[in-house]
Structure formats: C-alpha cells, structure tokens
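Below is one structure, written out as structure tokens; the observations come after it.
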There are 2 protein chains.
Amino acid sequence: MASRTASPLTHPDIDDFDLFKVMSALTDETRLAIVVALAASPGLACSVFRQDATASVLTRHFRVLREAGVIHQQDVGTRRINTLRKEELDERFPGLIDLVLKESAGRVTPRANASSA
Amino acid sequence: MASRTASPLTHPDIDDFDLFKVMSALTDETRLAIVVALAASPGLACSVFRQDATASVLTRHFRVLREAGVIHQQDVGTRRINTLRKEELDERFPGLIDLVLKESAGRVTPRANASSA
C-alpha cells in the first residue's frame, strides 16, 4: 500500500491527541479489527488486511487511525508497516485502549494467522 | 418535549451497555454539551437546551444518549427530565466518563445559567 508518489506520512504529537477523534476512530468495526490485530501483533503491513476490505477502503481506515494518533505508519520498501501507539495513548488517555481491547472481545475476530509478511 | 402519545422510554440495562455505542454517542458536539451540562446539573429538562438546536434535532440527540445508556429520561408532567447514568457508566467502563468530562473542558461551553426549570 506504500506509494513512492504519496505525501509524507504525518502523525499528531501526543499533545495534539483529541479524545473525541480517537473515540470516533475506534467506533468502526474495520478500524477496531485493525487495532485489535496490531495490539496482538505489532508491525503488521497494511497488505495483511487486504482480505477484509478493498485497498482504497483500507487506506482510508488506516489514515483515520493514523491522523487520530492511534497508529504509527512507516514505509519500509514497498510495505507500509503499522504499529499501535499504545504507550502514548495510555499516557494521554489512561485506561482507554485497554477498555477498548477488553470490550472488543467477541466483537471482532482476532486474525489467527496474522503475520508481518 | 414529553409527549402523551410517545412510546414508553426504554433504557438499556447496565449489562447491555456497549462501549462502542457509548463512545459513538459521545463524539458529537451537541450530545457532549448535554452530557457536560448534566454532569454539573442533574435533572435538567430537555427544554433547557432548546436554544442550542431545534426540538426535533434535540429529541434525536437525547434518544441516542438514552439508547446508549448514557442518560436516563423520565417524563414529569409535561417536562422530560434527564440525568447522567454516571455511577452505572463508571461501574461498567471505569474512568471513561471522567476522561470525557476532563477532555471536554474548553471544547464545549458549560451552560452558565442552566436550571431544571
């Protein structure tokens, strides 16, 4: 999903995190599934999720998560690698991500064979 | 806003609270303003908020909050009285409402002269 012609990936600083933007980002089933997968397996490439949605839809979901500060994205070769910004989210909004992960149990199906390949 | 012809007001049990429905309900400026006002002044009537939006829009916002379990509504005469279900929300989703109230500071304007009249 990485593109050589794309704009640089921008990430909000922790001080600019907006709780309501974060909560809004987390109230979508596809984005929640991405967050749950990244909590279990940091460093997953966007391509791992392609079976769940079309590339353009996925790109939008990843962008919403990145712009809210929920995930960090980095292009490595032709792959876009994703990690959850859990430590920063925990510092800024204590307990929120743990609550989200706990309440997501039974709601989204963990990706059994997710890998960073 | 109370109506003699309206359906009975239904409220979810605490066990049926859905974090994602609650977060979704809280990511709207008007609903957030209602929650902030009710946190400071329990028992406000819907009519108190009429200056902020039309009656039909307000009715929808209050219904979203009620159906998510965020507020309790009760018809008293011709008035519909609202209270935040803070104790139940705190029990089910520890810290969430306090976080929302803290982060709402500076985002929504507290109603200076709100009363239950």
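Given the convex hull over the Cα atoms of segment B:6-66, what projected area results after averaging over all orientations, in nm²? Don't jump to the answer; show the numbers that get you there.
On the way: hull surface 18.7 nm².
Taking the Cα atoms of segment B:6-66, their convex hull projects to 4.7 nm² on average.
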Quiz item: Considering only the label points, 7 Å along Cα→Cβ from Cα, what distances in nm to one decimal separate residue A:53 from the same position in each other copy, shortest first?
Solution: 2.6
Practice problem: Please give, to one decimal in nm, the separation of the simple spin-label points placed at residue B:78 and residue A:91, each 7 Å out from Cα toward the Cβ. | Solution: 5.6
Practice problem: Taking trypsin sites (Lys or Arg not before Pro) as candidate sites, keep only those in a DSSP loop with at most 16 other Cβ atoms within 10 Å, then name the longest stretch of chain B containing none of them. | Solution: B:51-106
Self-check item: Shortest-first nm distances, residue B:75 label point to equivalent points in other copies (7 Å, Cα→Cβ)
Solution: 6.0
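Relative contact order for segment B:14-100: what percent, with Cα pairs under 8 Å and sequence separation of 6 or more? Walk me through the numbers on the way to the answer.
Details: 86 pairs, mean separation 29.2, N = 87.
This gives 34 percent for segment B:14-100.
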Exercise. In Å and from the alpha-carbon atoms only, list the Rg and Dmax of chain A.
Key: 13.4, 39
Practice problem: Please find the FRET efficiency linking residue A:101 to residue B:107, where r is the Cβ-Cβ separation and R0 is fixed at 25 Å, and quote it to the nearest 0.05. | Solution: 0.45
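Just for segment A:1-111, what percent of DSSP beta bridges are antiparallel, to the closest 5?
Values: 8 of 9 bridges.
Bridges in segment A:1-111 are about 90 percent antiparallel.
A short reminder: the numbers here are calculations on the coordinates, not readings from a lab. Just so it is clear, the structure is predicted and the values come from calculations on it, not from any experiment. For neighbour counting, all protein chains shown are included, and Cβ atoms are generated from backbone atoms with ideal geometry for every residue, glycine included.
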